[in-house]
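The values are calculated or read from the model by the stated rules, or taken from the named source; none is laboratory data. Every value quoted in this text rests on a predicted model; they were computed, and no experiment measured them. Note that we place each Cβ from the backbone using ideal geometry, even for glycine, and neighbour counts take in every protein chain shown. Just so you know, the surface numbers come from the protein's heavy atoms only, side chains and all, with ligands and any DNA or RNA stripped out. Shrake-Rupley method; radii C 1.70, N 1.55, O 1.52, S 1.80 Å.
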Amino acid sequence: MTNIGRRAGLVLAVLFGLGASGCTDLLVEPKSSVTGANIFTDEAAYESFLAKVYAGLALSGQQGPAGEPDIEGIDEGFGQYIRGYWQLQELPTDEAVIGWGDAGLPEMVTSQWASSNQFITAMYYRIFFQIALANEFLRETSDEALAARGHSGLVAIPQFRAEARALRALSYWHGMDLFGPIPMVTEDYEAGSAPPEQVSRAEVFTFVENELTDPAVVGQLPAVGAAEYGRLDQGAVAMILAKLYLNAEAYGVGARYADAMTQAQIVISGPYTLDPNFQDMFLADNHTSPELVFAVPFDGTRTQTWGGTTFIAHASVGGTMDPADFGIDGGWFGLRVTQQFVNLFEGGAGGPDGRADILYTDNQQLTVTSLGTFEHGFAYPKYSNVTSLGVAGSHSTHTDIDFPMFRLADALLIYAEACLRSGGGACEATALTYVNAVRQRAYGNTSGNITPVELTLDFILDERARELAWEGHRRQDLIRYGLFTGDVYLWAFKGGVATGAATPATRDLYPIPAIEIVSNPNVDQNPGY
């Protein structure tokens, strides 16, 4: 089978009636309109079920782009996994503002959300829907279930189970990062039993770490860089662990920077190389990039959604911009960047850093003084539905742009930051080489190289913004540096003020949705909500 992510929606919508019955209750597992006894006839059927688990990152329901949603009670596009994750990691930061007035959306930009916020609620339940899919796959591929069907000898099952466990760990990491202490549900949970207990952030951290270092997981996955595109391998697992360890101190579980360096080096030593053209990693044919470690595939014809890169590409086009230049049928006049982000580039939008070339300034003012006015703030069409040869994607509404969840440049910068945070020393020369490799691509030569004295934690934070903007990292990075809340670093509309205002430290965590607090008596709300 080729590209499990792209074909997942086609196969599983037919095989499984995984409807919305489990959409807003993490205790309800996805339902099937058929039974395991009559659907799991061969190895391909198990692979198709695994495809659905992967597809949970890209699709939002059982028919695209809308209809039969996985998450009820919200616009289906709002409840798509990548769109939800992107919004929660980017909108409350200096990297993005959005001009729409949908209920709860302005509050995402100003960090004034409440526990009833529909976007926060949708992401919480999307995470647990994804976990439920993985749990169901693991139940259906247990030794007992396989033996009952006479399938004990299927050789691919150990790898399939490893992929499902790694996907579940990915979502548990997302849940712990965004919400802190959350309920834990594994394949051993029995439907109808007592509601699951909320566990500490440290316990979720340990679970994710143990899953991803278990030989039954990492040992069964393809080698670094050897997986079929859109599937997890040992490189992707190393990236998840590197991110987990880099943020461990911020998660309250103690410093793990040496471990972050080790995992980042696994990726760096792999077959990945920096893409010669930075912009190519965000185009309709970015699946050809040599830099992507793990991407969530989108296909404008076969995996249609109003979330994912369809949302990011359309929402970042407006004003005087010609949608056809970006391979889409219309701009949505939504997303821009703040002046504080633009000022991170040497020389601003017209400077020598090639990554700033993405900024669109025609008829746009630098300063954001009105969230609802698209012309306030430079546009930033980083994701464009055209190929590296300038050919429009397969569909002008739904994009072909895959979402680059992990890529080599991130690993290089993780190594550098973790080196400095662990005390520097012998690793600093290597860290400097890694940072300058990223900058040489950005500048097209060595003119942007930095010296050893310039290699500081503050520099790396700014470099991560320049390199990884709009890829779902900024909130996490600012929290790690102690800048996401408080008044040390202000940006446009932080705290609801055009010039920026302090926000309370409790905003470093999102609230557990109010509906979850009501439905599960074992779950307590995060402080400050």
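List of remarks:
- On the stretch given as the stretch 197-211, residues that are of a type in the set (A, V, I, L, M) and either crowded, with 19+ Cβ neighbours inside 10 Å or in contact with an Asp or Glu (Cβ under 6 Å, 6 or more places away or on another chain) (or both) total 2.
- Among the residues of the stretch 421-465, the ones that are surrounded by fewer than 19 Cβ atoms within 10 Å (Cβ to Cβ), within 22 Å of GLN279 (Cα to Cα) and of a type in the set (A, V, I, L, M, F, W, C) come to 1 in all.
- ALA226 vs. criteria surrounded by fewer than 16 Cβ atoms within 10 Å (Cβ to Cβ), at pLDDT 95 or above and assigned to a loop (DSSP other than H, G, I, E, B): yes
- Considering the stretch 66-100, and only residues there that are small (Gly, Ala, Ser) and under 18 Å from VAL317 (Cβ atoms), the residue that is surrounded by the fewest Cβ atoms within 10 Å (Cβ to Cβ) turns out to be GLY77.
- Residue check for ALA156: surrounded by fewer than 24 Cβ atoms within 10 Å (Cβ to Cβ) and at pLDDT 95 or above: yes
- Qualifying residues in the stretch 272-308 (those that are of a type in the set (Phe, Trp, Tyr) and assigned to a helix (DSSP H, G or I)) - the one surrounded by the fewest Cβ atoms within 10 Å (Cβ to Cβ): PHE278
- Exactly one residue out of ALA356, ALA411, ALA418, ALA349 is within 26 Å of the chain's Cα centre (by Cα), farther than 17 Å from GLU471 by Cβ, open to solvent by less than 60 Å² (accessible area, probe 1.4 Å) and not polar (S, T, N, Q): that is ALA418.
- With respect to the conditions (1) in contact with a strand residue (DSSP E or B) (Cβ under 7 Å, 6 or more places away or on another chain); (2) not in a loop (DSSP other than H, G, I, E, B), GLY319 lacks only one, and its number is (2).
- Checked against the criterion of being surrounded by 23 or more Cβ atoms within 10 Å (Cβ to Cβ), among the aliphatic types (A, V, I, L, M), in a helix (DSSP H, G or I) and out of contact with any strand residue (DSSP E or B) (no Cβ under 7 Å at 6 or more places or on another chain), the candidates LEU133, LEU146 yield just one match: LEU133.
- One residue from PRO183, PRO106 being touching a strand residue (DSSP E or B) at 6+ places or on another chain (Cβ under 7 Å), crowded, with 17+ Cβ neighbours inside 10 Å, modelled with pLDDT of 95 or more and not aliphatic (A, V, I, L, M): PRO183
- Scanning the stretch 118-127 for residues that are open to solvent by less than 10 Å² (accessible area, probe 1.4 Å) and either charged (D, E, K, R) or in contact with a Leu (Cβ under 9 Å, 6 or more places away or on another chain) (or both), we see that the one that is farthest from TYR172 (Cα to Cα) is PHE119.
- Some residue of the stretch 342-362 being part of a helix (DSSP H, G or I) and within 16 Å of THR93 (Cα to Cα): yes
- Options THR506, THR499; residue that is surrounded by fewer than 16 Cβ atoms within 10 Å (Cβ to Cβ) and not in a loop (DSSP other than H, G, I, E, B): THR506
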